[in-house]
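These notes are about the structure you will find just below.
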């Protein structure tokens, strides 16, 4: 089986620039695995190999050179030779007789090293449903946000409530379209830090990142409570030691029925101590015009802004040890909501007030990694603070909120979330036949929410308050080992104690409760490798989510914990450098499904609705039809349905789970050619999202028709310069992407969130 060592994975839009860069390299003579770790830290490269990595000494390397030259020197006398597998990835293979490089190794499509399962692995060999999104790897993928990732990954769906207010779902594990207070079904990670618990998906811009790793299906053993649907993990580019480098870019976007917006970004990598420490600075800003109009008032009211930055510090105190500190901040804002209330073809809304919203997320994380004897030690600490503010026109629910009929009122929703997590883990040294990882983790999450009514000429009136303190203490382990030739088994488990303390006040009525839960979430898999890059696996996974307060439950006053168990059969196939196929069949059982719902007054609460069954299938294909033509496609079929009510009775009605469609598909065609010093890549791509329902709650089971969106464009690269032209929603489709916008009027007024109209973007970026 293939093993991998991932230490950064810095990917540039222009591969040649990454290959030709020269670095100041200093690697002491010693253990090969430690030498590879140090070299990766200094050059930003990743390495993978087949079988066990030889327990041997590596040569010392020092001087100014390319990453490839440094790697070749390091491998002298080790019996290994490097074969390039991607722009920043090398595969280590054994040399042939007499020390000559083997010539019988087939060329393969570029591989990616992933670390989402707490150990570095080559993606093509992972016996689990893992997908990656690598910026710059595909000229047809120009988006730099969560929606862009979801458009490229089978089984992932993101609502359209606005940046920082969306909810992400995977493989049909969808509980509600409303941003209530149940724990999220997708665990969002920034590097090794968990950044959400019950908050919305923060919508971090994907600027200067190495990749996004998406783990589908329940991931309880390695990621704890809340990972029912999967894990969304952003891996940032770390500082590169001894290198002065950077990039800058700017873009202008013209939106039909709107105006012109602009965005910019810049990255700088600077050495602090030549071969021991470096710092990386990232900054970005975006101002996008609106396209929704308020009847009789302003036009383009949903204008939005995003500002963010990141500071990363990497220190290599001694060979084989690394210290990383990363601080991230992003602020978002929109002057108004993006929904309309006539139909999905119209871009006008009829309200008394604008509905602005804002958000801010701040993340600080620290990581220490190195060798303790033969084992690899990792210690991680992270802290995240996420603030959200939303304003809604609540006039439609005036009576239910205790106001006289016909009153005009705004509802101001203010929330503050924080997550503090720590993890320490030990893993087997790279390249072992028996792979293992064991660890302990601690998580503390707090939520504070306040709701106030605002009326013209009157003071704010508090009507809602919620506070939550959640903690989780856990021990986890995961191991994989050979059973027979080509057949490997994996076992994993997490033992945890989860505690929640809740209090909720709604119009002077106060509830409070606390509960501790002990649990175990296991996983197991079998993987058979027919040949290199030909793998089939059978996997069982599970995950758990804590319960909380439920005012409608007259027996316990709580909603119960829910759990997902999934059995799947999957496989990966790569044929030379031409064809890549991934396929999965899965069936998930979701017991005691928690769901946020809207009360009659428009406020959100949570209850259990029953048990659900989600069968499904996924297919992803990439084909290099000829040297210049690239075709990529994928499809997801699933049937997420509520099967039993909480009283145990089977449901006759076709009770779809909210938001997620039964069918979705994507197709992309690209051609690459050269014109003088330029490499030109025109493309066309389309995404289809099938019909879905807004909610299974009474009165809100609204139909959202299926729709297709087409985008096209061209990317041109010359040396370190990239110029792009991208056209999104080429045919200016008026699709309803989300049949919700305002919780206080949704029961009385149709609501539609139209797809962003045709947008034309011209962008320029330069690496130096």
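Bear in mind these aren't lab numbers, they're just calculated from the coordinates by the rules spelled out. Remember, it's a predicted structure, so these values are computed and weren't measured experimentally. Cβ coordinates were reconstructed from backbone atoms using ideal geometry, including for glycine residues, and neighbour counts include every protein chain displayed.
Segment 190-221 and segment 252-308 have Cα centres lying 21 Å from one another. Taking 0.36 nm per residue of separation and subtracting the current Cα-Cα distance, fully stretching the chain between residue 518 and residue 274 would add 82.9 nm. Counting only DSSP beta bridges with both residues in the chain, the antiparallel share comes to about 95 percent.
Placing dummy labels 7 Å off each Cα toward the beta-carbon, the span from residue 540 to residue 374 is 3.1 nm.
Simple spin-label estimate for residue 569 and residue 59 gives 5.0 nm between the two label positions (7 Å along the Cα-to-Cβ direction from each Cα).
Rounded to 0.05, the FRET efficiency of the residue 583 and residue 766 pair, given R0 = 30 Å and the Cβ-Cβ distance, is 0.15. Computed from Cα atoms, the angle from the helix 32-43 axis to the main principal axis of the chain rounds to 60 degrees. When the alpha carbon gyration tensor of segment 462-579 is reduced to an equivalent ellipsoid, its three semi-axes come out at 45, 16, 11 angstrom, largest first. Shape analysis of segment 189-271 places it in the oblate category; the axes a ≥ b ≥ c from the Cα gyration tensor give an a/c of at least 1.5, with a/b not above b/c. Contact order, relative form, for the chain: 12 percent (alpha carbon pairs under 8 Å, 6 or more residues apart, mean separation divided by residue count). In a fully extended conformation the segment linking residue 399 and residue 675 would gain 92.6 nm over its present Cα-Cα distance, using 0.36 nm per residue. Taking 7 Å steps out from each Cα toward its Cβ at residue 256 and residue 507 produces label points 4.5 nm apart.
Listed peptides 572-585, 226-239 appear in the order 226-239, 572-585 once ranked by packing, highest mean of other Cβ atoms within 10 Å at the front. Our summary of shape: the Cα atoms of segment 238-333 have principal axis extents of 67, 19, 16 Å, ordered from largest down, in whole angstrom. The mean sequence separation of alpha-carbon pairs under 8 Å and at least six residues apart, normalised by the residue count of segment 183-331, gives a relative contact order of 17 percent. Determine the shape class of segment 233-767: with a ≥ b ≥ c the square roots of the Cα gyration tensor eigenvalues, call it rounded for a/c under 1.5, and otherwise prolate if a/b is greater than b/c, oblate otherwise. The shape class here is rounded. Inter-part distance, segment 453-516 to segment 395-451, computed on C-alpha centroids, equals 7 Å. Ranked by the mean number of other Cβ atoms within 10 Å of their residues, highest first, the peptides 407-418, 194-205 come out as 194-205, 407-418.
With Cα atoms defining each centre, segment 601-626 and segment 729-762 are spaced 21 Å apart in the structure.
The packing ranking of peptides 181-192, 485-496, 368-379, highest mean first, is 181-192, 485-496, 368-379, where packing means the average number of other beta carbon atoms within 10 angstrom of each residue.
How would segment 228-278 be classified by its alpha-carbon gyration tensor: rounded, prolate or oblate, with rounded meaning a/c under 1.5 and the a/b versus b/c comparison settling the rest? It is oblate, given that a/c is not under 1.5 and a/b is not larger than b/c. Think of it as helices only: each DSSP H run of n ≥ 4 in the chain is worth -39500 (n - 2.57), and spread over all residues that comes to -1000 deg cm²/dmol at 222 nm.
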